[in-house]
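Enquirer: Pasting a structure here, questions to come.
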Amino acid sequence: MIRGHWGVENSSHHIRDVTFAENASTVHTGTAPRAMATFCNLAIGILKILGADNIAKTTRAIRDNPERALPVLGITNTPENCGT
C-alpha cells in the first residue's frame with residue numbers, strides 16, 4: 001500500500017515538474033507554491049477525467065488554442081446570453 005502511494009506521488013510530481021516546470025518555478029513565498037501545485041493538480045485531474053492520455057501534449061494543444069479550454073470548464077461563448 002505504501003509503495004502504491006509513492007507511485008502515485010512520484011507520477012504526479014513528475015507530471016507537474018516536466019509539464020508545468022514546477023521545480024523551475026520562482027514562486028517561493030507564503031502559500032503561493034501550495035496554491036500553484038493545487039492548480040496544477042486540478043488541471044491534471046480534469047484532463048485525466050476527460051480521457052487525456054498525454055497531459056503534456058494536451059496542455060500544449062490548449063496553450064496553442066486557448067478556446068479549447070472553455071468547453072472543458074463548462075464555459076460557452078454565446079453573445080446572445082451576455083449581460084443581464
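The values are calculated or read from the model by the stated rules, or taken from the named source; none is laboratory data. Bear in mind that the values here come from a model prediction, so they are computed numbers and not experimental data. So basically every Cβ, Gly included, is an ideal-geometry build from the backbone, and we count neighbours across all protein chains shown.
Enquirer: Under 7 Å between Cβ atoms, at least 6 apart or on separate chains: pull out the pairs that start in the range 19-39 with a residue that is under 20 Å from residue 62 (Cβ atoms) and in contact (Cβ under 8 Å) with a residue 24 or more places away in the chain and end on any residue that is of a type in the set (Ser, Thr, Tyr) and assigned to a helix (DSSP H, G or I).
Expert: 19/59
Enquirer: If we keep just the residues of the range 7-41 that are under 24 Å from residue 72 (Cα atoms) and aliphatic (A, V, I, L, M), which is modelled with the highest pLDDT?
Expert: Here the residue is 35.
Enquirer: With respect to residue 44, determine if the residue is surrounded by 11 or more Cβ atoms within 10 Å (Cβ to Cβ), modelled with pLDDT of 85 or more and closer than 17 Å to residue 14 by Cα.
Expert: yes
Enquirer: Name the residues in the range 20-36 that are part of a helix (DSSP H, G or I) and either under 9 Å from the mean Cα position of the chain (by Cα) or exposed (fewer than 15 other Cβ atoms within 10 Å of the Cβ) (or both), would you? Please lay out each step first, then the result.
Expert: Within the range 20-36, the first condition is being part of a helix (DSSP H, G or I), and the residues that meet it are 20, 22-24, 32-36.
Of everything in the range 20-36, those that are part of a helix (DSSP H, G or I) and either under 9 Å from the mean Cα position of the chain (by Cα) or exposed (fewer than 15 other Cβ atoms within 10 Å of the Cβ) (or both) turn out to be 20, 23, 24, 32, 33, 34, 35.
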